[in-house]
Each structure stands twice: as structure tokens, then as C-alpha cells.
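The values are calculated or read from the model by the stated rules, or taken from the named source; none is laboratory data. Quick caveat, the model's predicted, so the values are computed rather than measured. Using ideal geometry, Cβ is built from the backbone for each residue, glycine included, and neighbour counts are taken over all protein chains shown.
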Amino acid sequence: MNQIPSIYHQCLVPADLTVKQALERINSLRDVPLTLFVIGDNDRMLGTLTDGDIRRGLIAGATLGARVAEVMQRSFRAVTPQADPEAVIEQARALGISLIPELNAEGCLTDIIDLRRRRAMLPLDAVLMAGGRGERLKPLTLTTPKPLLPVGDKAIIDHNVDSLAACGVNNIFVTVNYLHEMLEEHFATRRPEGVEVTCVLEPRPLGTFGSIGLIRGLRSQDVLVMNSDLLTDLRFEQMYRRHIDSGADMTIAAVPYTVSVPYAILETRDGLCTSLQEKPTYNYLANAGVYIVKRTLLETLTGEDRVDATDFIDTLLATPGAKVVTFPIEGTWIDIGSPSDYHAACERMR
């Protein structure tokens with residue numbers, strides 16, 4: 001049960017607890033939903049218990065001196081190795097359930113999912129690319145790496161780490177190069193509880209994807225890769241669902257980009273004018289710097305050669321049978337690479 005954040009330890013009770021003691025425990029709970037988890041031998045999960053369960057048990061004839069096993073809810077929703085975690089979470093939300101136990105194959109409690117703090121439980125590892133020098137943001141980046149620039153009450157990279165943690169992504173790698181010591185020191189102490197953040201140092205600039213070849217410890221079948229200096233409310237769970245449902249090898253998040261031409265545009269053929277468009281507007285999808293990729297494809301990267309995201313995508317598009325899909329971002333997306341965009345991000349988070 002080492003993965004369970006300490007705040008939820010107060011929710012764990014033994015099976016020999018009395019009903020009266022359980023009521024006292026529920027009454028003492030702070031900052032967590034009023035639910036107890038009844039644990040047996042070897043951390044095996046036996047049931048859940050709320051004051052409603054106790055009330056129904058007392059009405060049915062139980063006494064305050066009875067053991068909680070007599071009144072606990074033995075039929076409870078849980079995330080198990082066999083279950084679809086997103087389906088379990090959706091059902092729990094519909095029923096107003098706030099805490100969901102996560103069990104291993106033996107039925108032992110391994111984690112507690114708090115739906116007030118966690119939107120999803122995505123089976124993804126994540127890589128945040130944080131090695132750039134932030135040239136356009138000088139002098140701000142002369143002494144601070146761009147991912148650590150503050151936006152609102154925290155660094156821009158922390159917005160992304162916290163968003164991933166809220167989706168259940170707990171194995172995160174940060175590729176670093178420029179002023180790497182500051183990022184390494186930052187994540188030595190700053191990380192959401194239950195989330196592992198590992199900094200991976202590039203010996204030299206390897207491009208946006210090249211450094212992924214240096215990573216050891218990817219566990220999930222699919223990996224989310226993103227620029228660390230983005231402010232976005234992208235729904236990672238919806239992007240993941242698109243990736244899985246489409247059977248994609250790679251899914252690229254995209255932002256709408258509109259170009260308005262202030263002139264009349266001539267279309268020609270062989271020197272002849274065939275049509276004229278007065279001040280046309282063209283709509284495109286631009287690469288947003290967020291990707292979900294099959295881990296087996298990332299494992300082809302050696303960590304020795306420079307590989308940019310565009311190189312990786314071009315190679316994949318030229319591979320017979322490979323499938324690359326897009327996922328449009330409908331909400332906020334700001335790349336803080338320029339002073340004006342950084343200012344806009346700071347203003348949005350005021």
C-alpha cells in the first residue's frame with residue numbers, strides 16, 4: 001500500500017473495528033470524502049463503509065458493538081487489472097462516488113483514486129521535453145530555463161505535470177539540457193504525491209524526439225510526448241480515447257490556424273487567370289507539440305542521433321501501414337516561446 005497518498009491512510013480500517021469506532025473514525029476524517037476502506041489480511045480489500053451503510057445496518061438490527069464486517073458494503077466498484085478504468089470512473093461519477101479503490105490481481109489495495117482531484121486514470125507514461133534554450137525569451141531565460149518561468153502561481157512545466165497527474169499519469173520523464181541543474185533540483189522536491197518525475201540529461205542537443213532514446217523505464221504501451229512550455233486545457237483523456245479507438249500508431253494534437261489574406265488572390269494555369277478570390281481566408285491545423293505514440297516506435301530511437309518531431313512524423317508517414325491521426329484542441333493552447341505569448345499566458349492565469 002506504499003503508493004497510497006498519506007492523506008488517505010485515515011480512511012483505512014481493520015475488519016475487527018466496531019461500528020461505534022467506525023463512526024468515530026468517519027467523524028474525524030479531514031479533507032477527504034467520508035468513506036472508509038475495510039482491509040483484511042495482506043492488505044486485501046474487504047469492503048467500503050459510509051455513514052449511510054452504518055445507518056442501514058443499525059436499522060436492520062446491528063449494534064454499535066458489532067464488527068464493521070456486518071454492515072460494510074461488500075459489493076463495491078474498484079479499478080482492477082481486468083477492468084476498464086475509464087468505464088469504472090465514469091460509472092462512479094454517475095453514482096456520486098468520490099473515492100475508488102485500485103486493486104491488484106489478488107484483490108489487495110494498491111491505491112485510492114480521488115475523483116475530486118483526478119479526472120481519469122490513463123495507462124500512459126509521459127515525456128516532457130525541456131531542453132531548449134528559450135532564445136526568444138531572453139533575458140528571462142539567461143538564468144532560468146524556459147520550463148521554470150512562472151505562469152500564475154507556478155512554473156509552466158508544473159501546470160503540465162499537475163494536469164497529467166490529474167489524469168492518473170504517474171510515470172513522467174523530463175528531458176533536460178540547458179540549465180539542467182535547475183530542473184533537476186526543482187523536481188527533486190516538487191512533484192505531486194504518488195507521481196515519479198525523472199530527469200534525463202541530453203549530452204548534447206538531440207532534437208525534440210532524439211532524447212527519448214536515452215530514456216529507460218517506459219512501462220506503458222503508449223507514451224504521451226509534449227513540449228513542456230505549453231499552457232493548455234487539452235483533455236488528455238479524450239485524446240487518448242481517440243488514439244485507441246482509431247487504432248493509431250501516433251496521434252498528433254492540432255490547433256486551428258487561420259490565415260486571412262488582405263488581397264485578391266489570382267488562380268492561374270499556364271499564365272492564364274482562371275479565377276479570383278477577394279481577400280480569402282484559409283483554415284489549417286497546426287502541430288500543437290503534443291503526441292501519443294506507441295512505445296514500440298519510440299524504442300527505435302537510439303539516443304545517438306538528432307531527431308526532431310517532424311523527422312519522426314515524416315518517417316512514420318512514409319512507413320507502409322502506419323497510421324497517424326489528429327486530435328483537434330478546442331480550448332486553450334499557448335506556446336510561451338515568444339514574449340507576447342508568455343505575457344498572454346500570464347494574463348490568462350491571473
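To keep it simple, each residue is scored yes or no on (1) within 20 Å of Gly194 (Cβ to Cβ); (2) surrounded by 17 or more Cβ atoms within 10 Å (Cβ to Cβ); (3) out of contact with any helix residue (DSSP H, G or I) (no Cβ under 9 Å at 6 or more places or on another chain).
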position	(1), (2), (3)
Val79	yes, yes, no
Ala87	no, no, yes
Glu90	no, no, yes
Ala94	no, no, yes
Ser98	yes, no, no
Glu106	no, no, no
Ile113	yes, yes, no
Arg116	yes, no, yes
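What are the pairs, 6+ residues apart or on separate chains, where a residue within segment 41-62 that is touching a residue at least 60 places away in the same chain (Cβ under 8 Å) and among the charged types (D, E, K, R) has its Cβ under 8 Å from a residue that is assigned to a strand (DSSP E or B) and surrounded by 13 or more Cβ atoms within 10 Å (Cβ to Cβ)? Once the first residue is touching a residue at least 60 places away in the same chain (Cβ under 8 Å) and among the charged types (D, E, K, R) and sits in segment 41-62, its partners that are assigned to a strand (DSSP E or B) and surrounded by 13 or more Cβ atoms within 10 Å (Cβ to Cβ) give Asp43/Cys108; Asp43/Leu109; Arg44/Cys108; Arg44/Leu109. Quick check on segment 234-243. Is at least one of its residues among the aliphatic types (A, V, I, L, M) and under 17 Å from Ile334 (Cβ atoms)? Within segment 234-243 (the criterion being among the aliphatic types (A, V, I, L, M) and under 17 Å from Ile334 (Cβ atoms)), the answer is yes, since at least one residue qualifies. Note on segment 247-350: enclosed helices (runs of 4 or more DSSP H) holding 3 or more residues that are modelled with pLDDT of 90 or more and under 30 Å from Leu218 (Cβ atoms) are 295-298, 309-317. Does segment 275-297 contain at least one residue that is assigned by TED's automatic domain parsing to the domain that holds Gly213, surrounded by 12 or more Cβ atoms within 10 Å (Cβ to Cβ) and among the charged types (D, E, K, R)? Yes, segment 275-297 contains a residue that is assigned by TED's automatic domain parsing to the domain that holds Gly213, surrounded by 12 or more Cβ atoms within 10 Å (Cβ to Cβ) and among the charged types (D, E, K, R).
Evaluate the following for Thr189: is it of a type in the set (Ser, Thr, Tyr), more than 17 Å from the chain's Cα centre (by Cα) and closer than 20 Å to Ile4 by Cα?
Working: of a type in the set (Ser, Thr, Tyr): yes; more than 17 Å from the chain's Cα centre (by Cα): yes; closer than 20 Å to Ile4 by Cα: yes.
Criteria met by Thr189.
Residue pairs whose Cβ atoms lie under 9 Å apart, separated by 6 or more positions or on different chains, with the first residue in segment 306-320 and closer than 19 Å to Pro205 by Cβ and the second of a type in the set (Lys, Arg), are Arg306/Arg204.
With respect to being crowded, with 17+ Cβ neighbours inside 10 Å and assigned by TED's automatic domain parsing to the domain that holds Ser75, Asp53 fits the description. Could you check, for segment 65-75, whether at least one of its residues is within 29 Å of the chain's Cα centre (by Cα), exposed (fewer than 15 other Cβ atoms within 10 Å of the Cβ) and either β-branched (Val, Ile, Thr) or closer than 28 Å to Leu122 by Cα (or both)? No, segment 65-75 contains no residue that is within 29 Å of the chain's Cα centre (by Cα), exposed (fewer than 15 other Cβ atoms within 10 Å of the Cβ) and either β-branched (Val, Ile, Thr) or closer than 28 Å to Leu122 by Cα (or both).
Residues being touching a residue at least 24 places away in the same chain (Cβ under 8 Å), crowded, with 17+ Cβ neighbours inside 10 Å, on the phi > 0 side of the Ramachandran plot and small (Gly, Ala, Ser) are represented in segment 118-141 by at least one member.
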